[in-house]
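Have a look at the structure below, then the notes.
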Amino acid sequence: MSKGGTFVTFYQLAFRYLKRKKAKAILLFFVLLLVSSMILSTNMILRATEDSKAEIQEKTKSKIVLEITKEENRITQQEVEEILNLEEVSTVNCQNKGQAFPNNFYPVTTNDSTEENNQKIMLFSYDDLQNDSAFYEGRYRLVSGNYITKDKRGAVINSSLADSNGLELGDDIKIENTEGKIVSLKIVGLFLSGSERKQTEKMDSVDRIENQIFVDNESYSQLLGNTGYYKVSVYCKNPEQLPTLEKQLRSIFPEKVSFTSSDTLYRQMALPLDQITRVANLMLVLTLITGIVIVSLLLCMWMRTRQKEAAIFISIGKSKYSIFLQVFLESFLVFLVSIIGACGLGSLMAEFLQKALTHSETTELSLNVFLQGKDIGSLVVWGSFLVLIAVLVSLFPILKANPRDTLSRMEG
């Protein structure tokens, strides 16, 4: 109580107590510094694994491949638009294949047959040739030029086919359908397989690798008509939602297509991150429990010497809530100071933590452990929770007791 007869505010009492009990404040600071550093370190690890997981989700491109089971049940453009409207779908890669005739060049063949199949070429069309094709699987390789994309039309042909016809990048080739319609395409890329010489001499031209020509879907439709797609790769934004996406796709295609999920690479890369996350969460829980126990015991020992002080305050009309706020503020102020020290230690420990988590030469993890504002925010939340619980535990016996009994017992 002040000289004017009014109560001194709880925050004034808190500051005065810390100033008077410097030794206790310093001891509490070091305890909270250790706990805060542990909480901050685990938060940095958890945030780094979340960032890496998000990066992996983009790189691995988890997908569901839809392939028709019958030729007459091709996937229509309208169904593709319906797929694109699904929330979990990031993009699709529509694929088609069909046979055609070369118009201003000759197919590669070692067969003397005059049958139609020995005069044809095989067309494959993609929205994005680099994915979902023999190039993505590593069976074919682009030796010059570019892949076909939605923004880059043209044809990618075999290098042996180009050599046998004297063709180069930038030249135009003409392809003809059975009805005599001709489409002209610019050569934008050349590829090789490595298996060209392993083919038998009696193989028809339409089946030879040299006569496979990759084109864009728009050019394919101009030549062979918009008959739909035989295969569509549906890419998922979040690999964790792949089962949900498959369920939605099955409602669109109840019978006409087969489903193949492809998220093995994501699972393999995410597995060590999941293990790190589990360990970090366990460390966080243990740190919080240990911190609450230690800080509570420390405050309980100090509260024994403050029982009389609390009883007097309550007797003269000070509310128990005000006493709680004072004690909480005392501990919270020390905690705020410990955050500054923990941030300094966290910055120093970041590089060590990153090396420790990615030390194995066999791991493909790319964790970027460093201090961010959200890590400090998490520390403030968890640390405040820890201090609150510890203060409640230490004050409970005092606030529950009758102040008269406390004073009489201490005087006796």
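The values are calculated or read from the model by the stated rules, or taken from the named source; none is laboratory data. Here the structure is a predicted model, which is why all the values come from computation and not from measurement. Because the Cβ atoms are built from the backbone with ideal geometry, glycine has one as well, and the counts that use them run over all protein chains shown. For the accessible areas, the whole protein counts, side chains as well, though only heavy atoms, and no ligand, DNA or RNA atoms are used. Shrake-Rupley method; radii C 1.70, N 1.55, O 1.52, S 1.80 Å.
Across region 171-200, the number of residues qualifying as surrounded by 15 or more Cβ atoms within 10 Å (Cβ to Cβ) and among the small types (Gly, Ala, Ser) comes to 2.
Just to be sure I understand, how many residues within region 100-149 are among the acidic types (Asp, Glu) and open to solvent by 50 Å² or more (accessible area, probe 1.4 Å)? Walk me through it before giving the result.
Of region 100-149, the ones among the acidic types (Asp, Glu) are 112, 115-116, 127-128, 132, 137.
Add one more test, that the residue is open to solvent by 50 Å² or more (accessible area, probe 1.4 Å), and what stays is 112, 115-116, 137.
Selection size over region 100-149: 4.
Here the condition is being open to solvent by less than 70 Å² (accessible area, probe 1.4 Å) and modelled with pLDDT under 85; of 298, 273, it holds for 273 alone. Of all residues in region 303-350, those that are at pLDDT below 80 and either charged (D, E, K, R) or under 22 Å from residue 9 (Cα atoms) (or both) total 21.
Considering each residue of region 9-68, count those that are hydrophobic (A, V, I, L, M, F, W, C), open to solvent by 70 Å² or more (accessible area, probe 1.4 Å) and in contact with a strand residue (DSSP E or B) (Cβ under 6 Å, 6 or more places away or on another chain), and give that number. Can you show your working first?
Just the residues of region 9-68 that are hydrophobic (A, V, I, L, M, F, W, C), to begin with: 10, 13-15, 18, 23, 25-35, 38-40, 44-46, 48, 54, 56, 64-66, 68.
Next, from what is left, pick out any that are open to solvent by 70 Å² or more (accessible area, probe 1.4 Å): 15, 23, 26-27, 30, 34, 38.
Add one more test, that the residue is in contact with a strand residue (DSSP E or B) (Cβ under 6 Å, 6 or more places away or on another chain), and what stays is none.
Final tally of qualifying residues: 0.
Apart from one condition, residue 51 fits all of (1) closer than 30 Å to residue 280 by Cα; (2) at pLDDT 85 or above; the exception is (2).
If you check residue 163 against the conditions, is it outside any loop (DSSP other than H, G, I, E, B) and acidic (Asp, Glu)? Don't jump to the end; show me each part of the working.
On the way: outside any loop (DSSP other than H, G, I, E, B): yes; acidic (Asp, Glu): yes.
Yes; evaluated as a whole, the condition is true for this residue.
Pairs linking a residue in region 276-291 that is more than 21 Å from residue 388 (Cβ to Cβ) and outside any helix (DSSP H, G or I) to a residue that is open to solvent by 30 Å² or more (accessible area, probe 1.4 Å) and at pLDDT below 90, with Cβ atoms under 9 Å and 6 or more positions apart or on different chains, do not occur.
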